[in-house]
Amino acid sequence: MKTISFINLKGGVGKTTLSTNLAYLLAESWELKVLFIDNDKQGNASRWLGADPNQGTLANILMDGAKASEVVQSSRHGNLDFIAADMGLLEANLAVLGRKTQRQDVILKQAFEEIADQYAVCIIDNPPDINMSVFNALSITDDVVIVTLPETDSMDGIKKMAAQIEDVKQFNPYISIKGVLVNQYLSYPDLSDSYEDMKALGLPLFHTKISYATREAKYRLMTASKTGKSIFEVCPNCRVARDMMHFAEEMFA
Ligand SMILES: Nc1ncnc2c1ncn2[C@@H]1O[C@H](COP(=O)(O)OP(=O)(O)OP(=O)(O)O)[C@@H](O)[C@H]1O
Ligand SMILES: [Mg+2]
């Protein structure tokens, strides 16, 4: 199982939009068996995936010692299963932090061993935060995708994120930054191109940029997230959908 974490300390950059749609694409079009982990107490991806509030969540793994197989839910797509999150993750993070007798960062890793070989890909949507559940997610992550807006102001945040990933190598030597992914990209001829500025970070940068959705595409993106559909179902020919397909190809090339 290859595990990919979408991450950035900055909120609203598109982590959930891109991770959920990539999961859908890999499961439906690429016919891969995909496990999605919602690691954000906001639970946006869980709602999109149709989570059953009566079933267990990631918090139960972290806090109550539940096995991954006890909390995995099926989505409406045969190849896409998921582990949901809700506000319980807030309490779980505090509980894990207060646990002094056991290692705090490998709980998820231990809970996952039993199901890891059932899936080809695991995609994790992380919160705009660094906490114990994020460290747990990074302990099982192979490839990190740092999602960013094309703004020079975002550079410091990306550098901080990259430094955190370096630290995680102490307990997960397999982790690496697959790339910085620019979302909501718009090019103005009279402004310096922020994508070019990003190259100065010295980090791997995805060649594919996800375009800023036009008014029509944005409407469809919002409809998709409200109705639990993917951008590929509601607007397969939108630029954003095509960019996402190129991103998937680049990610798995
Ligand atoms: N390429 C795009 N063009 C236009 N709007 C976009 C694009 N990608 C995402 N958005 C919009 O940006 C908003 C934030 O997206 P999203 O929730 O995916 O960000 P996030 O990084 O997961 O946020 P958070 O940090 O709160 O979890 C949403 O309204 C989404 O529809
Ligand atoms: Mg999100």
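Worth a mention:
- Taking Cβ atoms as reference points and 14 Å as the exclusive limit, the residues near Leu80 contribute a net charge of -3, counting Lys and Arg as +1 and Asp and Glu as -1.
- Three-way shape call for the stretch 112-253 based on the alpha-carbon gyration tensor, with the a/c threshold at 1.5: oblate
- On a per residue basis, the stretch 171-215 carries 59 Å² of accessible surface, using protein heavy atoms and a 1.4 Å probe.
- Carbon and sulfur %, accessible surface of the chain computed with the full protein complex present, 1.4 Å: 49
- Evaluated at q = 0.33 Å⁻¹: base-10 log I(q)/I(0), Debye formula over Cα of the stretch 75-121: -1.18
- Shape category assigned to the chain from the gyration tensor of Cα positions, a/c cut at 1.5: oblate
- Cα gyration tensor, the stretch 149-195 - rounded (a/c under 1.5), prolate or oblate: prolate
- Taken per residue, the accessible surface of the stretch 82-128 reaches 49 Å², heavy atoms only and a 1.4 Å probe.
- Among Tyr174, Tyr188, Tyr212: highest mean-square fluctuation, GNM of the chain, C-alpha pairs under 10 Å: Tyr188
- Applying a threshold of 18 Å to the alpha-carbon distances of Lys10/Lys160; Lys15/Lys209; Lys10/Lys33; Lys178/Lys199 flags Lys10/Lys33 as lying beyond it.
- The calculated pair-distance distribution of the stretch 26-151 uses every alpha carbon pair, bins of 5 angstrom beginning at 0, and gives 2, 11, 22, 25, 21, 12, 5, 2, 0 percent.
- Rounded accessible area of Asp64 (nearest 10 Å², 1.4 Å probe): 100
- For the stretch 186-245, the Kirkwood estimate of the hydrodynamic radius, built from every pair of different alpha carbons, is 13.1 Å.
The values are calculated or read from the model by the stated rules, or taken from the named source; none is laboratory data. Everything numeric in this text was worked out from a predicted model, so none of it was measured. A quick note on method: Cβ atoms are made from the backbone with ideal geometry, for glycine too, and the neighbour counts reach across all protein chains shown. Just the protein is used for accessible areas: all its heavy atoms, side chains included, with ligands, DNA and RNA removed. Shrake-Rupley method; radii C 1.70, N 1.55, O 1.52, S 1.80 Å.
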